[in-house]
Amino acid sequence: MALIGPYGSGKSTLFEALMQTAGAPIRRSDPRTRRAGTEMRLGHCSYLGDSWSILDCPGSVEFAHATACAIAVVDLAVVVCDPQPARALTVAPFLRALDAARVPHIVFVNRIDTLDGAVRDTLAALQEYSAAPLVLRQVPTRTGGAVTGYVDLVSARAYRYRRGMPSELLSQPAEMRGREEEARAALLEVLADHDDALLEKILDDIAPGTDEIYAQLRRDLAEDRVVEVLLGAAEADHGVRRLWKALRHDTPSAGETASRLGIAPEGAALAQVFRTQHAAGGKLSLARIWRGEMKDGAAFGAARVGGVFRMPAGEAVKSGSAVAGELVGLGRLDSVATGATLGGDALPFPAPPEPVYALAIVAEARGDDVKLSGALQKLIEEDPSLRVTQEAELGQTVLHGQGEVHLAAAVERLASGFNLRLTTSAPRIGYRETIRRPVHQHSRLKRQTGGHGQFADVKIDIAPRARGEGFQFVDRVVGGAIPRNYIPAIGEAAEEAARKGPLGHPVVDIAVTLVDGTFHSVDSSDMAFRTATRMAMDEGLAAADPVLLEPIDHVRVHVPNSFTAKAQRLLSGRRGQILGYGEMPDRPGWDDVEALVPAAEMGDLIIELRSMTMGLGSFHRRFDHLAEPRGRAERGAA
Ligand SMILES: Nc1nc2c(ncn2[C@@H]2O[C@H](COP(=O)(O)OP(=O)(O)O)[C@@H](O)[C@H]2O)c(=O)[nH]1
Ligand SMILES: [Mg+2]
């Protein structure tokens, strides 16, 4: 089972409450000292005789890939969220991911102690973002204004919460009053949609039995036709045992999940690595056992399992084997990548998202470069939503990822896990330059040093070409003014000289035409003609009205449509040219804003975009063309 949901909704608190309630030797951590919710935690415990593997996922959008990998391998996801209807939008990406992957899930509305409105409104707000109908399993009961307990809609029993203890069953069963009756009727109506027998009873006004309702709920949940909604307050253990009971009864079995994914029930041990961790003890591959038994020492191609580990209290504890349904750590699978399937054909696995933020990185200690590249490789293995590029032309190594926090966590990980201290900076932009007017250039090299000297004389025309046409060298020499065998060296030297123009950047979109020249039968050579050509290019380009060209990206910004106007203003404010916008075909309620934006303005776009869209906005970019800067950039790039 995986706990997923927005940052700060209470997943880690609930993880610890669930583990502790099941008797696992885990202590409650102080949320202020937790590692900013960037890590995924795996825990093992046993509740009423069933063994459980639980994943506590990071909530921030910058770590969304970890959540995607988790939901690819679990039987059930629990979406933990706030009761405030206004926060429902932040739950939308999680519900959407679950619906897309058709992973059975339930919603745990946490912090029920802070609810001041009606839970009905919370449900209605969440329903907007869920394909499957949400059904409320409990309604809160209050004393004064505060939520102090609940009525279970199936059993019709009333409970009072007790801090850190099981809720107390109230001896006087609650009369199902107006509001509860209404919620119960809504629940039955949804279930009746998928069950004719139930529908008939409801139409005939016969009260269906509780067993019948439980069984139907379980079936509907397994097929992602309904989403059960439970209530609680993880911090006080309210609703935690009730959640355990729902998990126990309603979580699809390992066999059901395997069949949902089309995995044949018979066959040799089959497992899938969904996350990789590097630690002092070596590499640990967190894997889901899909079928059979995974034993220490099992061989998969060249890889051999070096230990099967469970985590009853945070630390990995070695055991001999694990069975289908478990999530365990497998030791020393050095050649096995995250996502890999062990023991069968590759099972589907989520691809990492495109990077949206980047930093240039340099090792502080000189001589750490080799160590850095090894560590980066391990880091990317741990987190495939990171990427590294070596940009030789700009002389920089760039780390790409999902945002500021994501990259800060990566840099921190390099320091704590690999003892590598880095200096980071905004990556340099790949500017180009070109010329605005044609020039004719005559350059002559004549050197006499002792024995035989150097002589070369070239006349070239340098002319601008249209954007995107690139570099061109044309030979127009006639009558043997320059012997043919020197021409290739002249062409190469012209192209080489264009790699760094008078403004310091590569020169693009020019045509160099060799029109005439002279040579000396003894003193001319390839070398002499190269030197003369470079002189001609340097002088000629400087005189040809050089101009900077900046890369312009084609950008698609995705936002809920209530933020469309803001997104457009954001892009215009960054010298963007809006090309248009429209509803995303596969994402109702979301718009796609298309624009051309200078790459120099894209560096921290994601930060501002997220801060104005409750963290929901995202974008795709690709290089589009080069253009002369308009407005601000001329200053910035100079
Ligand atoms: N009032 C209240 N606060 C809670 C509850 N559960 C968690 N919190 C607090 O919410 C904050 C975030 O919790 P955490 O579990 O770290 O959230 P996560 O980011 O989803 O893992 C912490 O300060 C918790 O103490 C709850 O049921 N009620
Ligand atoms: Mg957390």
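The values are calculated or read from the model by the stated rules, or taken from the named source; none is laboratory data. Keep in mind that what you see is a predicted model, and the values were worked out from it rather than measured. Here the Cβ is made from the backbone with ideal geometry for all residues, glycine too, and neighbour counts use every protein chain on show.
Taking region 87-124 on its own, how many of its residues are within 16 Å of ligand 2 (Cβ to nearest atom), in a loop (DSSP other than H, G, I, E, B) and not basic (Lys, Arg)? So the answer is 1. Highlighted here are the strands (runs of 3 or more DSSP E) found entirely within region 347-463 that include at least 2 residues which are farther than 30 Å from Glu495 by Cβ: 357-363, 396-401, 422-425. Scanning region 204-245 for residues that are away from ligand 1 (no atom under 16 Å from the Cβ) and among the aliphatic types (A, V, I, L, M) gives Ile206, Ala207, Ile213, Ala215, Leu217, Leu221, Ala222, Val226, Val227.
Just the residues that are among the acidic types (Asp, Glu) and within 16 Å of ligand 2 (Cβ to nearest atom), please, taken from region 227-248. Reasoning before the result, please.
Just the residues of region 227-248 that are among the acidic types (Asp, Glu), to begin with: 228, 235, 237.
Glu235 - this is the single residue of region 227-248 that is among the acidic types (Asp, Glu) and within 16 Å of ligand 2 (Cβ to nearest atom).
How many of the residues making up region 511-545 are touching a Pro at 6+ places or on another chain (Cβ under 6 Å) and crowded, with 20+ Cβ neighbours inside 10 Å? Number satisfying all stated conditions: 1. Of everything in region 92-140 that is without any contact (Cβ under 8 Å) to a residue 12 or more places away in the chain and within 30 Å of the chain's Cα centre (by Cα), the residue that is surrounded by the fewest Cβ atoms within 10 Å (Cβ to Cβ) is Ala100.
Of all residue pairs spaced 6 or more apart or on separate chains, those with beta-carbon atoms under 6 Å, a first member in region 373-393 that is more than 13 Å from Thr276 (Cα to Cα) and a second member that is among the β-branched types (Val, Ile, Thr) and modelled with pLDDT under 95 are Leu386/Ile380. Listed here are the strands (runs of 3 or more DSSP E) enclosed by region 1-86 that have at least 3 residues being away from ligand 2 (no atom under 12 Å from the Cβ): 41-47, 50-56, 77-81. So for region 448-461 (the condition being of a type outside the set (Phe, Trp, Tyr) and under 29 Å from Ala600 (Cα atoms)), does at least one residue qualify? No. For Gly297, the stated conditions do not hold, so it cannot be described as over 22 Å from Glu381 (Cβ atoms), touching a strand residue (DSSP E or B) at 6+ places or on another chain (Cβ under 8 Å), touching a residue at least 12 places away in the same chain (Cβ under 8 Å) and part of a loop (DSSP other than H, G, I, E, B).
Looking only at residues in region 47-86 that are of a type in the set (Gly, Ala, Ser) and away from ligand 1 (no atom under 14 Å from the Cβ), the one that is surrounded by the fewest Cβ atoms within 10 Å (Cβ to Cβ) is Gly49. So which pairs qualify, if the first residue must be in region 53-65 and under 15 Å from Leu95 (Cα atoms), the second must be away from ligand 2 (no atom under 11 Å from the Cβ) and charged (D, E, K, R), the Cβ gap must be under 9 Å, and the two must be at least 6 apart or on different chains? If the second residue must be away from ligand 2 (no atom under 11 Å from the Cβ) and charged (D, E, K, R), the pairs left are Val61/Arg610; His65/Asp383. Residues in region 300-325 that are touching a Phe, Trp or Tyr at 6+ places or on another chain (Cβ under 7 Å) and either in a loop (DSSP other than H, G, I, E, B) or in contact (Cβ under 8 Å) with a residue 60 or more places away in the chain (or both) were compared, and the one that is nearest to Ala24 (Cα to Cα) is Ala316. Residues in region 256-290 that are without any contact (Cβ under 8 Å) to a residue 40 or more places away in the chain, surrounded by 13 or more Cβ atoms within 10 Å (Cβ to Cβ) and over 27 Å from the mean Cα position of the chain (by Cα): 1 in all. Considering only residues of region 119-176 that are closer than 25 Å to Pro85 by Cβ and among the charged types (D, E, K, R), which is modelled with the lowest pLDDT? Restricting to residues being closer than 25 Å to Pro85 by Cβ and among the charged types (D, E, K, R), the top hit is Arg142. Considering Thr67, Thr90, the condition of being modelled with pLDDT of 95 or more and either under 30 Å from Ala118 (Cα atoms) or aromatic (Phe, Trp, Tyr) (or both) is satisfied by Thr67 alone.
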